[in-house]
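Just below is one structure, and these are the notes that go with it.
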Amino acid sequence: MDLTIHYTFLPHDDPDAALTFYRDTLGFELRNDVGYDGMRWLTVGPPGGAGTAIVLHPPAADPGITDDERRTVTEMMAKGTYASVVLATKDLDGVFERLQAGDAEVVQEPTQQPYGVRDCAFRDPAGNMVRIQELS
C-alpha cells in the first residue's frame, strides 16, 4: 500500500488567533480559508504547498454531537487536553526562539527525553498541544 497522511484536524475557537499563530508565528502558509454558516475552516501547512496539512475547524461544526458533548469539547480545549499535533524540525532551538518571541504559551522548553527524542511543547490559542521534535 502507498498511504500518506493528507490532512489532520485541530479545533479552534478563534480563527483569527489560530491564523496568527500558525501562519505568522509558526511560519505555515495559509492554503485555504472557508467560511460557512458563520463558521470558518482554515487549512495551513509548511511552505511549499505539498504534503500534509492541518485543518483548523470550529468544534461546533459537527452535527453529530450533542450540546453536552460540545460543551465537554469546549471545556477540554480550554484545559488543553482535547487535541494535539507533533511537528518536526532540524532547528528546534531556532523554532523555539521564534515561538517564544511570538508569545506562544510555552509548556516545555527544548528537552532531551528519556525515550530518545529532543523536543519542546507549546499550546496554540485554542489550547491544542503542539509538540515539536528535533530531526537528527
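Bear in mind that the values in this text are calculations on the coordinates, not laboratory data. Everything numeric in this text was worked out from a predicted model, so none of it was measured. Note that each Cβ is placed from the backbone with ideal geometry, even for glycine, and that neighbours are counted across all protein chains shown.
Positive contributions from Lys and Arg (+1) and negative ones from Asp and Glu (-1), summed over other residues with Cβ under 14 Å from the Cβ of Ile65, come out at -3.
What does DSSP give for the range 1-97 in terms of the percent of beta bridges that are antiparallel, rounded to the nearest 5? Walk me through the numbers before you get to the answer.
Working: 10 of 15 bridges.
The antiparallel fraction comes to roughly 65 percent.
Starting with the highest mean, order 118-128, 75-85 by the number of other Cβ atoms within 10 Å, averaged over the residues of each peptide. Walk me through the intermediate numbers first.
Numbers: 118-128: 20.5, 75-85: 14.8.
Ranking, from highest mean packing down: 118-128, 75-85.
For the range 76-83, 3J(HN,Hα) computed residue by residue from phi via the Karplus equation (6.51, -1.76, 1.60; θ = phi - 60°) reads 5, 4, 4, 8, x, 10, 8, 9 Hz, glycine and proline entered as x. The separation of the range 87-136 from the range 51-86, counted between C-alpha centres, amounts to 21 Å.
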